[in-house]
1. Can you tell me which residue in region 129-138 is farthest from the ligand (Cβ to nearest atom), limited to those that are under 19 Å from the mean Cα position of the chain (by Cα) and part of a helix (DSSP H, G or I)?
2. Name the residues in region 94-108 that are surrounded by fewer than 19 Cβ atoms within 10 Å (Cβ to Cβ) and either touching a residue at least 40 places away in the same chain (Cβ under 8 Å) or in contact with a Gly (Cβ under 9 Å, 6 or more places away or on another chain) (or both), would you?
3. Which one of the conditions (1) surrounded by 15 or more Cβ atoms within 10 Å (Cβ to Cβ); (2) at pLDDT below 95 does Ala111 fail to meet, given that it meets all the rest?
4. Just to be sure, is Ile30 open to solvent by less than 20 Å² (accessible area, probe 1.4 Å) and among the β-branched types (Val, Ile, Thr)?
5. Restricting attention to region 135-156, which residues are acidic (Asp, Glu) and buried (at least 17 other Cβ atoms within 10 Å of the Cβ)?
6. Can you list residue pairs whose Cβ atoms sit under 8 Å apart, with the first residue in region 25-47 being more than 20 Å from Pro10 (Cβ to Cβ) and the second being within 12 Å of the ligand (Cβ to nearest atom) and hydroxyl-bearing (Ser, Thr, Tyr)? Count only pairs 6 or more apart in sequence or on different chains.
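The values are calculated or read from the model by the stated rules, or taken from the named source; none is laboratory data. As the structure is a prediction and not an experimental result, all values here were calculated from the model. All Cβ positions, glycine included, derive from the backbone under ideal geometry; neighbour counts span all protein chains shown. All accessible areas refer to the heavy atoms of the entire protein, side chains included, with ligands and DNA or RNA removed. Shrake-Rupley method; radii C 1.70, N 1.55, O 1.52, S 1.80 Å.
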Amino acid sequence: MKYYIIFGPPGAGKGTQSVLLAEKYSLTHISTGELLRKEIESKSELGLKVKAIIENGRLVDDETILVLLNKVVSESLNGNKGYILDGYPRTIPQAEALDRILEAKGQKVSAVISLEIDEEVIFQRIALRAQMEERKDDMDRATIENRIVQYHKKTEPLISYYKESGRYFQVDGNKSIDDNFKDICDIIDKIK
Ligand code: AMP
């Protein structure tokens with residue numbers, strides 16, 4: 001079973017690349033952001049709890065994310081060759097929890113693929129996405145800035161966490177979708 005993490009700041013193209021990778025390598029795409037948005041849409045108890053947090057560009061607490069993740073991983077095991085984790089883990093405790101979950105299954109993270117992107121490209125990409133998808137957290141500049149701050153503070157430390165394990169790979173996320181995809185596939189094909 002393969003466990004790939006697609007990593008990067010908001011707007012790096014994690015979702016777009018994950019969809020392509022899931023298709024090409026028969027992986028189940030797990031986007032915690034997408035799962036949370038579905039909870040909000042369905043007005044579930046969890047959705048109501050996280051709505052304001054997400055719309056302010058803050059991170060949902062680690063415990064809630066773990067509950068969400070356990071639910072979906074146990075539901076989606078049929079016939080796939082592994083997972084592409086998109087937007088998870090986003091904090092060191094989440095990464096440690098993931099390692100524990102995988103260790104219990106005799107598995108480990110296969111690779112972390114990091115999309116490196118310039119800050120001005122982040123704003124351009126999010127502005128573009130805001131025209132196509134109705135994501136409240138993409139509509140407001142202060143919220144986007146907040147998400148970037150959260151990324152630097154809480155998510156970026158994961159880079160050294162994964163670098164130490166020798167499973168961290170970087171690609172230039174400023175390129176086109178196709179070029180990006182090719183670079184990521186080259187990495188996956190090499191380490192397979
Ligand atoms: P995304 O779709 O990955 O950009 O996520 C949208 C929002 O959902 C984030 O800004 C967070 O508020 C929340 N979120 C998604 N994944 C996580 C996670 N792993 N940990 C905490 N919050 C998350």
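1. Result: Ala130.
2. Selection gives Leu102, Lys105, Gln107, Lys108.
3. Condition not satisfied by Ala111: (2).
4. Against the criterion (open to solvent by less than 20 Å² (accessible area, probe 1.4 Å) and among the β-branched types (Val, Ile, Thr)), Ile30 qualifies.
5. Within region 135-156, Asp137, Asp138 meet the criteria.
6. Leu46/Thr64
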